[in-house]
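Structure record follows, encoded as structure tokens.
The values are calculated or read from the model by the stated rules, or taken from the named source; none is laboratory data. Predicted model only: the values in this text are computed from it and were never measured. Positions of Cβ are generated from backbone atoms using ideal geometry, with glycine treated the same way; all protein chains shown enter the neighbour counts. SASA here: full protein model, heavy atoms, side chains in, ligands and nucleic acids out. Shrake-Rupley method; radii C 1.70, N 1.55, O 1.52, S 1.80 Å.
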Amino acid sequence: MDIYQLLRIESVKAFDELFHHQIEEDQIQIEQTSADHEGDLTLVVFPLLRFSRKSPVETANLLGKKLQEVSEFVENYKVIKGFLNLQIAQIYWLNHLSSLLKHDNIQVKTNPKPLTYLIEYSSPNTNKPLHLGHIRNNLIGHSVSEILLARGHEVIKANLINDRGIHICKSMVGWLKAGQGKTPETTGQKGDHFVGDYYVLFDQLYKKEMEQLIKNGSSAEDAEKKAPIMLEAQQILKLWEKNDDETRRIWTEMNSWVYQGFEKTYRRMGVSFDKVYYESDTYLLGKKLVKEGLEKGLFFSREDQSIWVDLQPDGLDEKLLIRPDGTSVYMTQDLGTAQLKHDDFCPDQSIYIVGNEQEYHFKVLRLILKKLGKSYADAIKHLSYGMVDLPEGKMKSREGTVVDADDLMDEMKQTALDYINESGKSTPMEESEKVALCEIVGLAALKFFILKTDVKKRMVFNPEESIDFQGHTGPFVQYTFARINSILEKSKISNVRELIFDFDFELEIIEMDLLKKLYYFNDAIAEAEREMDPSQLANYIYQLAKLYNRFYHDLPILKEVSANKKYFRLQMSFVVSRLIEYFMNLLGIQVPKRM
RNA sequence: GGUCCCGUAGCUCAGCUGGAUAGAGCAACAGCCUUCUAAGCUGUGGGUCGAAGGUUCGAAUCCUUCCGGGAUCGCCA
């Protein structure tokens, strides 16, 4: 039982004895005492006044006195206005530290009701390389999966690859026109970048054709539809859906190039999947579902053979499900994928990690599945994260303002290398170790920067100002870990956990602060789970590292003359390093033993 | 126009299931390395929490209106 629960139970009992009124446990409001006041935990008495029928100060004083008498751990109390500040006995926090030391690994309090989660994230298109937006998506997806696993749930990490559709046809047209049989092998280019270049080329040619058409008197709208290169792309899409051999062959080959590129990026980023879905496999099932819906009269068709669903009764609009030429759209294939996910894993919660610009899409997806009578519609949850914007606004591939994922990771590593070279680090290091370290540190800076912000919020990335390596950053937390590791190594004690010593001293304030912070690590994980928000972890572990650094600065550890104090400090250091490693791993960040 | 999201220090963000004098980092300035790793520590300045009402013992937090920014309402995904 945690201290909150314990105090609530004792408070209810004490209140009844004092004021002869039985209150509910959840009416007892307990929070951590703010830093400016004495005490560890604060009981807010305002909500209890109508039952005590006494003034705030009087109520708080009576309750405090009673708690001090009856509670094993309430050592003292102080009343300020309507706030009853309780001082908890040191032994309580120390016991918690001991319990952390008992196990080899960090023991997380698991959720009493474990569920099966299917987490879809990443979901790239196969026509261009990954960019900064995908990085946020991947990091959130990976971390949320780790958090849910830590809390005892079953998790299936799924990737849905948008490998078909008009976008990939555009790259194909670009390559057919200008590729001259080149491949990533012959050019030495990473496969996803190679294909992406032809997508860009397509867009350039398309624009030229439109300009020409407009010059010849077409309206802009007409030009958009009738540019020959666009018609070509549409023709390829149709051929593709008809299983045309040659089209399929080129498509397969170009996609395989992209996958090889993605694989490298994923591996470097440290993300992985248990299951990969391809839209080329799911869109037919989607079409089937649409036809069923049409037969049941849930959907309707137009003269041009297109199929629609009318969502006006639900306050939305009509939505296209099948194009006039019989090809499927985004929604069609998502219907199929949703069905397949359910058939494969029957998850309690099917989470989609997708940007908030697609909120409408998921609203519609759920509605349509409900109309089709699918029970799993309610299990679908869109984890809608905020876009990563540049200072000027949205990233736009056409304006070349997209921040490429591979480039960005390279830059972060280089910045770390520059930093280490300029700072004249005292730690002597082989060149190869230095490079490996900077990879880890650079990625940590990037990942922490992205994950420390609330997932729901839009965030701004300024490419001009490189991401910091000092202060509220990943490297700061890593550095704390490396420092502790260094101390533990120098202590020459093989197992710090097993040290036995007497508690014959008073704790310093900073030691007390650290100890209390350690106590709350489970709250951070539980909150991260509840909100599906890794930033809770990033902020907790930063605060812990910050406290530790002050402790490290202010107090001697190895040089402490009292063996008892020294052992205590070593053990606390050890636990802090364990927590840092654990939390950082939940965030998908590695920690170096020295830096 | 309809729906939804966001406005907290110069910048990037915490705090938001209502609680005490609103916190960090960066940037600026001033200190601390013969002492366990200075990617660290300490200090200074910097705020009408977008605005106005309302609910409440108490509002950055909840409600309403307004202002400002963004997303979406595609036969793109």
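Of the residues making up region A:27-45, those that are over 14 Å from A:Phe15 (Cβ atoms) and either among the basic types (Lys, Arg) or open to solvent by 70 Å² or more (accessible area, probe 1.4 Å) (or both) are A:Glu31, A:Gln32, A:Ala35, A:Asp36, A:His37, A:Glu38.
Residue-wise test of (1) open to solvent by less than 30 Å² (accessible area, probe 1.4 Å); (2) more than 20 Å from the chain's Cα centre (by Cα); (3) more than 10 Å from RNA strand B (Cβ to nearest atom).
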{"site": "A:Leu365", "(1), (2), (3)": "yes, yes, yes"}
{"site": "A:Tyr376", "(1), (2), (3)": "yes, yes, yes"}
{"site": "A:Lys394", "(1), (2), (3)": "no, yes, no"}
{"site": "A:Ser423", "(1), (2), (3)": "no, yes, no"}
{"site": "A:Ala444", "(1), (2), (3)": "yes, no, no"}
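Can you spot a residue in region A:241-248 that is open to solvent by less than 70 Å² (accessible area, probe 1.4 Å), farther than 19 Å from A:Leu176 by Cα and not in a helix (DSSP H, G or I)? No, region A:241-248 contains no residue that is open to solvent by less than 70 Å² (accessible area, probe 1.4 Å), farther than 19 Å from A:Leu176 by Cα and not in a helix (DSSP H, G or I). Looking for something open to solvent by 40 Å² or more (accessible area, probe 1.4 Å) and either closer than 30 Å to A:Gln478 by Cβ or at pLDDT below 95 (or both) - is there at least one such residue anywhere in region A:338-353? So far as region A:338-353 goes, no, none of its residues is open to solvent by 40 Å² or more (accessible area, probe 1.4 Å) and either closer than 30 Å to A:Gln478 by Cβ or at pLDDT below 95 (or both). Within region A:187-203, being of a type outside the set (D, E, K, R) and free of Cβ contacts under 8 Å to residues at least 24 places away in the same chain holds for A:Thr187, A:Gly188, A:Gln189. Are any of the residues in region A:481-498 surrounded by 14 or more Cβ atoms within 10 Å (Cβ to Cβ) and either at pLDDT below 90 or not in a helix (DSSP H, G or I) (or both)? So far as region A:481-498 goes, yes, one or more of its residues are surrounded by 14 or more Cβ atoms within 10 Å (Cβ to Cβ) and either at pLDDT below 90 or not in a helix (DSSP H, G or I) (or both). For region A:10-32, filtering for residues that are among the hydrophobic types (A, V, I, L, M, F, W, C) and not in a helix (DSSP H, G or I) leaves 3. When the residues of region A:522-536 are filtered to those that are open to solvent by less than 10 Å² (accessible area, probe 1.4 Å) and not in a helix (DSSP H, G or I), the one that is farthest from RNA strand B (Cβ to nearest atom) is A:Pro534.
For (1) farther than 26 Å from A:Gln470 by Cβ; (2) of a type outside the set (Ser, Thr, Tyr); (3) part of a loop (DSSP other than H, G, I, E, B); (4) near RNA strand B (Cβ under 7 Å from one of its atoms), each residue gets a yes or a no:
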| site | (1), (2), (3), (4) |
| --- | --- |
| A:Ala538 | no, yes, no, no |
| A:Leu547 | no, yes, no, no |
| A:Phe551 | no, yes, no, no |
| A:Ile557 | no, yes, yes, yes |
| A:Lys565 | yes, yes, no, no |
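So which residues in region A:309-320 are near RNA strand B (Cβ under 9 Å from one of its atoms) and either within 15 Å of A:Gly165 (Cα to Cα) or part of a strand (DSSP E or B) (or both)? Write out each step before concluding.
Here is the first cut: in region A:309-320, the residues near RNA strand B (Cβ under 9 Å from one of its atoms) are A:315-320.
Selection gives A:Glu318, A:Lys319, A:Leu320.
Only residues that are over 27 Å from A:Met409 (Cα atoms), open to solvent by 20 Å² or more (accessible area, probe 1.4 Å) and within 11 Å of RNA strand B (Cβ to nearest atom) were counted across region A:125-172, and they come to 2.
Within the group A:Leu43, A:Leu62, A:Leu7, which residue is outside any helix (DSSP H, G or I) and at pLDDT 90 or above? Walk me through how you get there before you give the answer.
On the way: A:Leu62 fails: outside any helix (DSSP H, G or I); A:Leu7 fails: outside any helix (DSSP H, G or I).
None of the others qualify; the one that does is A:Leu43.
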